[in-house]
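Please treat every number below as a calculation from the coordinates, not as lab data. The structure displayed is predicted, hence computed values, not measured ones. Cβ placement follows ideal geometry from the backbone for every residue including glycine, while neighbour counts extend to all protein chains displayed.
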Amino acid sequence: MPPAARIQRDHNRPAPPALLAEAGAAVLAASLAVRLMPFRYLAQRLSRGENGAAQADAETVYWLRRAVLAWARRLPWRALCFEQGLAAFALLRRRRLAATLHYGAATIGGELKAHVWVTSGNTEVVGCENKEDYGLLARFPT
């Protein structure tokens, strides 16, 4: 199945208001978690619970991605891949859908860079555009 980003959509149609509100709360919570919680605590939280059996369909992925990225662009602070990934992971888990958060690293231009991306089964959700550039360090849930 092709990545949901390649599916043609009506970009003039806004995301459902309830989803936008939920995504906004998820991005805010993820931003606070990244700033206030040690990584080991976040890792424990991400590893808890059952992963949903059902893979998210392309339509669900499209709207979740669109809502998360809309909030990430509009916040007065930077919500980067980690915050976006945590938010998308939470939105998928809340719907009892399969969600895997991948944490990778690479040396780019002599600097160590980290990156987070989320998949639902084989479907790419957020942050997957350049995942091949990073070596996988951890996957949650483990």
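Residue count for region 74-87 satisfying the condition of being among the small types (Gly, Ala, Ser) and free of Cβ contacts under 8 Å to residues at least 60 places away in the same chain: 2.
Yes or no: region 58-66 includes at least one residue that is surrounded by 21 or more Cβ atoms within 10 Å (Cβ to Cβ), of a type in the set (Gly, Ala, Ser) and within 30 Å of ARG13 (Cβ to Cβ). Even if it seems obvious, please write down each step before you answer.
Filtering region 58-66 for residues surrounded by 21 or more Cβ atoms within 10 Å (Cβ to Cβ) gives 61, 64-65.
Filter once more, keeping what is of a type in the set (Gly, Ala, Ser): none.
Scanning region 58-66 turns up no residue that is surrounded by 21 or more Cβ atoms within 10 Å (Cβ to Cβ), of a type in the set (Gly, Ala, Ser) and within 30 Å of ARG13 (Cβ to Cβ).
Would you check if there is a residue in region 102-118 being surrounded by fewer than 21 Cβ atoms within 10 Å (Cβ to Cβ), free of Cβ contacts under 8 Å to residues at least 12 places away in the same chain and either touching a Pro at 6+ places or on another chain (Cβ under 6 Å) or among the β-branched types (Val, Ile, Thr) (or both)? There is at least one residue in region 102-118 that is surrounded by fewer than 21 Cβ atoms within 10 Å (Cβ to Cβ), free of Cβ contacts under 8 Å to residues at least 12 places away in the same chain and either touching a Pro at 6+ places or on another chain (Cβ under 6 Å) or among the β-branched types (Val, Ile, Thr) (or both). Residue-level check: of (1) at negative phi; (2) crowded, with 17+ Cβ neighbours inside 10 Å, GLY127 misses just (1).
Here GLY121 does not fit the description of being at positive phi and surrounded by fewer than 12 Cβ atoms within 10 Å (Cβ to Cβ). Would you mention how many residues in region 56-80 are within 12 Å of GLY121 (Cβ to Cβ) and touching a strand residue (DSSP E or B) at 6+ places or on another chain (Cβ under 6 Å)? Final tally of qualifying residues: 2.
Selection over region 11-55 of residues that are buried (at least 17 other Cβ atoms within 10 Å of the Cβ), in contact with a strand residue (DSSP E or B) (Cβ under 6 Å, 6 or more places away or on another chain) and hydrophobic (A, V, I, L, M, F, W, C) gives a count of 1.
Filter region 64-113 for residues that are basic (Lys, Arg) and either in contact with a Cys (Cβ under 9 Å, 6 or more places away or on another chain) or over 16 Å from GLY49 (Cβ atoms) (or both) and give the result. Let's see the steps before the verdict.
Pass one, region 64-113, residues basic (Lys, Arg): 65-66, 73-74, 78, 93-96, 113.
Correct list: ARG65, ARG66, ARG73, ARG74, ARG78, LYS113.
Which of the strands (runs of 3 or more DSSP E) found entirely inside region 27-142 contain at least 1 residues meeting this: of a type in the set (Ser, Thr, Tyr)?
Those strands (runs of 3 or more DSSP E) span 100-108, 111-120, 123-126.
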